[in-house]
Amino acid sequence: DAKTTQPTSMDCAEGRAANLPCNHSTISGNEYVYWYRQIHSQGPQYIIHGLKNNETNEMASLIITEDRKSSTLILPHATLRDTAVYYCIVRVNTGNQFYFGTGTSLTVIP
Amino acid sequence: DTGVSQDPRHKITKRGQNVTFRCDPISEHNRLYWYRQTLGQGPEFLTYFQNEAQLEKSRLLSDRFSAERPKGSFSTLEIQRTEQGDSAMYLCASSFTESNQPQHFGDGTRLSIL
């Protein structure tokens, strides 16, 4: 029972903004949206999370729609090192595990 | 580096052997999590601890899998009588107690069963 839906893969030109969408139409009112990325042979790296307000940090921006049924992760100036699998996660409201799904494979093209 | 540390990074063993992996979390974190990741899939939750208490273990894959965190600091994950299907990356993560806090992951232990 997937909690989020993401495109399987995306390409982005180096230096351009990468916009990664995520649908989470069954999100509950107290569930946060988290984004992680994973580069081959490394563990997932935390990027950003939010509840309902847009969030920004040194890595990315998170835009959450008003109805909270979808969100977009924005990497403002993609570099080759941003090539990775990006996971959008809604914390399961029973227990504390994350359900990762299969994510979006982002390829940044020179 | 004060991130999550896992040891060993790679483990190759024969089918039927027992293996144990260690995870050292970020020192201030109370919670510790274990995940398994197979090729092409996202990480799959196995179990987690709040300090030394194991609060969720129903997702452990079989009774051959067990985890401990005896003093609320480092944790071990043991697989007994390994099988071919146990080949995977085993990831550890830690976090603060508050439910909205993100988990921070180590780089995992890659297990290969011959």
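The numbers here are math on the coordinates, done by the rules we state, and not lab data. Please read these numbers as outputs of a predicted model, since none were measured by experiment. Note that each Cβ is placed from the backbone with ideal geometry, even for glycine, and that neighbours are counted across all protein chains shown.
Using the Cβ-Cβ distance between B:Ser62 and B:His10 with R0 set to 30 Å, the FRET efficiency works out to roughly 0.85. Taking amide H as placed 1.01 Å from N in the peptide plane, B:Glu56 has its amide H under 5 Å from the amide H of B:Tyr48, each at least 5 places away in sequence or on another chain. Out of residues 5 or more away from A:Thr107 or on other chains, whose amide H comes under 5 Å of its own, with H placed 1.01 Å from N in the peptide plane? When sequence neighbours closer than 5 places are left aside, the close amide H contacts are A:Met10, A:Asp11, A:Cys12.
Taking only Cα atoms of the protein assembly as shown, what ratio of Rg to Rh do you get with Rh as the Kirkwood inverse-distance radius?
Numbers: Rg = 17.6 Å, Rh = 18.1 Å.
With Rg and the Kirkwood Rh in hand, the quotient comes to 0.97.
Relative to the compact-globule estimate of 2.2 N^0.38 Å, the Cα radius of gyration of segment B:15-95 comes out at 1.05. Each Lys and Arg Cβ is given +1 and each Asp and Glu Cβ -1; about its Cα centre, chain B then shows a dipole of about 440 debye.
Using R0 = 45 Å, the C-beta based FRET efficiency linking A:Ile74 and B:Leu114 works out to 0.50. Partners of A:Lys3 within straight-line reach, counting lysines whose Cα lies under 18 Å from its Cα and excluding those fewer than 8 residues away in the same chain: A:Lys52, A:Lys69. Measuring from each cysteine beta-carbon in chain A, the ones with no other cysteine beta-carbon under 4.7 angstrom are A:Cys12. For B:Asn51, the residues whose amide H sits under 5 Å from its own are B:Arg31, B:Leu32, ignoring neighbours fewer than 5 places away on the same chain, with H placed 1.01 Å from N. Straight-line cross-link partners of B:Lys71 among the aspartates and glutamates, defined as a Cα under 20 Å from its Cα and at least 8 positions apart when in the same chain: B:Asp7, B:Asp24, B:Glu28, B:Glu52, B:Glu56. Principal axis extents of the Cα atoms in chain A, from largest to smallest and rounded to whole angstrom, are 41, 29, 22. In chain B, taking the dipole from charged Cβ atoms about the Cα centre, the farthest positive-side position among B:Ala67, B:Phe96, B:Gln84 is held by B:Gln84. Take the Cβ atoms of A:Ile39 and A:Ile63, set R0 to 35 Å, and the FRET efficiency comes out at 0.90.
Please give the direction-averaged projected area of the C-alpha convex hull for segment A:36-94, in square nanometres with one decimal.
Values: hull surface 19.4 nm².
About 4.8 nm², averaged over all directions.
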